[in-house]
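Laboratory data are not the source of any read-out in this text; all were calculated from the coordinates shown. All figures in this text were calculated on a predicted structure; none of them were measured in a lab. Neighbour counts are summed over all protein chains in view; Cβ atoms, including those assigned to glycine, are modelled from backbone coordinates with ideal geometry.
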Amino acid sequence: MVFETKESLTDEEIRRGLKLVIRDGLATQAMVTLTGGIFLVAFALQLGASNTVIGLLAAIPPLAELLQMPAIYVVDRVQKRRLVVVAASLAARLCWLPIVLIPFFFSPEQGIFVLIASIALYASFSAISHCGWNSWMRDLIPQDRLGAFFSRRLTLSTALALVISLAAGFFIDSWKTVFPDLAAYGYSALFLLGLVAGLFGITLLARTPEPRMVAADEEDGLLATIKKPFTDVNFKNLIIFLGSWNFAVNLAAPFFTVYMLQTIGLDISVVVALGVGSQIMNIVFYRSWGRISDRYSNKSVLAVSGPLFMLAIFAWMFVTLPDVYILTYPLLVLIHILMGVSLAGVSLASGNISLKMAPRGQATGYLAASTFTNSVAAGIAPILGGLFVDFFAERELLWTLIWKSPVRELVFVTLDLRQWEFFFLFAFILGLYSLHRLAAVQEEGEAKEQEVVDALIAGVRRDMRNFSPAGGLRDLVKFPFSSARGRKKR
């Protein structure tokens, strides 16, 4: 039967499934790189989008994830997660067709409306897909290998994103040089390539085996399924941490690209190059963070990577004082390095800790409850940023040092906050609060921060040595099939 499930998977089926999940991750990353991030924001700005529209575009995907709650009912009734994921993913990715056609058939004003509507539909169908995918991966991937597996998947995906983003940035700059009045058409070409990559990823998902869902012992009903995670004290603490963290990060992060393109005035190729530098640090550190999460705990990874990411956000306040100055570009490089190092750990551990702490047979409800809180927080934050930008545009916080002598007076501007910089400060403060909430989460294998830092440094040194000889590089990117082969069936 098409999309059939099996009571248990053989070792060979598990190996094949893990391989297909890796390949789907590469295809999906190719689509996300070409259709999102810098290029989506730049396309919206090309159409004349306001700051409010940019904030709305950033808010739509997390808010759409709220649909995971009713999607629980669909997944539990269908009992074929692969069918739900493939059908929803296909519907979602086809929503990029209208966006591709915007420069050909719509005015800039109409194009902004089509862009918002299409992104909303794309995000809504994707949320349904994510609900089934999370539960599916929870049962497919060996629990003691979650950190190693997802660090490998993220490493390869990030390496691919690095190459694609560089090529795409060069393509856009070249297109603007040759066709300065047709810049929007260049973005359409990128989006079309991303759509093709996304459709290829669906064919890989359709071939990935699925273990049969474990029936929950709890009473039936959507309400009971949703309420259960919030009665679990430890998981509720995790939800509070993830919610506050996502609010803090998304208050400022969606506007980094706008800040660099409009306030600092960087070319898109420079913005892409900075992003690539951050992705390189992702690649270097994913493997080390993955080893630490398996050896100690995901909480231990978050306890170290989280403060690093908050430090990077804090540094954004000093990029301009209030204009570009001698330290602007060194600070931008340092910030992107810190963001790359820390985001590798945050992305890996924040996803894995929910998977690990969700009880078997109740993963769909637990993960959807976590996603619900994260989505509300991550959705509200950029909307607030977009709506209040005009308010902060007319306000400024100055902190100066003045030296007076009989012959002259020297004034040193040590802090000058305007517009988005206020949000960087608020995000930093809220981020510190979220890290405080992390202390209430209990996870097996917790370690002291110093132990994690020592293990991280040792792991990075070992991995960097592997970059030099060809054999070492080959070992770095090799998928650990031997680990999957030795896994006992659960």
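Computed from point charges on the beta carbon alone (+1 for Lys and Arg, -1 for Asp and Glu), the dipole magnitude for the chain about its Cα centre is near 1660 Debye. Shape call for the stretch 241-352 from the C-alpha gyration tensor, a ≥ b ≥ c root eigenvalues: rounded (a/c under 1.5), prolate (a/b greater than b/c) or oblate? In terms of gyration-tensor shape, prolate. Computed over the chain, relative contact order equals 26 percent, with contacts defined as Cα pairs under 8 Å that lie 6+ residues apart. Of Ser244, Ser8, Ser354, the sequence from fewest to most neighbouring Cβ atoms within 10 angstrom is Ser8, Ser244, Ser354. Quick one: helix 183-207 against the long Cα principal axis of the chain, what's the angle to the nearest 10°, folded into 0 to 90? In the chain, helix 183-207 runs at an angle near 20 degrees to the longest axis. Highest average first, the peptides 418-429, 321-332 ordered by how many other beta carbon atoms sit within 10 Å of their residues are 418-429, 321-332.
Please order Val21, Val75, Val178 by the number of other Cβ within 10 Å, starting at the fewest.
Val178, Val21, Val75
Each of Pro330, Ser50, Gly385 was scored by the projection of its Cα onto the charge dipole of the chain, and the greatest displacement toward the positive side belongs to Pro330; charges sit on the C-beta of Lys, Arg, Asp and Glu.
When the expected Rg is taken as 2.2 N^0.38 Å, what fraction or multiple of it is the alpha-carbon Rg of the stretch 47-119? Working shown, then result.
On the way: Rg = 15.4 Å, N = 73, 2.2 N^0.38 = 11.2 Å.
For the stretch 47-119, the normalised Cα radius of gyration is 1.37.
For the chain, the longest principal axis of the alpha carbon atoms and the long axis of helix 233-252 meet at an angle near 40°.
Can you give the Kirkwood hydrodynamic radius for the stretch 288-363, in Å, rounded to one decimal and based on Cα pairs?
Working: mean 1/r = 0.0722 Å⁻¹.
So the Kirkwood estimate lands at 13.8 Å.
Fewest-first ordering of Trp133, Trp403 by other beta carbons within 10 Å of each residue's beta carbon gives Trp403, Trp133.
Once you've got the Cα coordinates, tell me which of Lys80/Lys299; Lys299/Lys356; Lys19/Lys228; Lys227/Lys356; Lys236/Lys299; Lys6/Lys80 are over 22 Å apart. Don't jump to the answer; show the numbers that get you there.
Working: Lys80/Lys299 32 Å; Lys299/Lys356 11 Å; Lys19/Lys228 33 Å; Lys227/Lys356 19 Å; Lys236/Lys299 15 Å; Lys6/Lys80 10 Å.
From the list (Lys80/Lys299; Lys299/Lys356; Lys19/Lys228; Lys227/Lys356; Lys236/Lys299; Lys6/Lys80), the Cα-Cα distance tops 22 Å for Lys80/Lys299; Lys19/Lys228.
Computed per residue of the chain from DSSP H runs no shorter than four, each worth -39500 (n - 2.57), the mean residue ellipticity at 222 nm is -24500 deg cm²/dmol. Here Rg/Rh (Cα atoms, Kirkwood Rh) was computed from the coordinates, and among (i) 1.01; (ii) 1.51; (iii) 0.97 the match is (iii).
Look at the Cα gyration tensor of the stretch 97-192: its axes a ≥ b ≥ c give a/c of at least 1.5 with a/b at or below b/c, and that counts as oblate. The C-alpha atoms of the chain define a longest principal axis, and helix 363-387 lies at about 20 degrees to it.
How much length is gained on full extension from Asp267 to Ala439, taking 0.36 nm per residue of separation minus their Cα-Cα distance? Before the final figure, lay out the partial values.
Numbers: separation 172, 0.36 × 172 = 61.92 nm, distance 4.14 nm.
That pair, Asp267 and Ala439, stretches by 57.8 nm at full extension.
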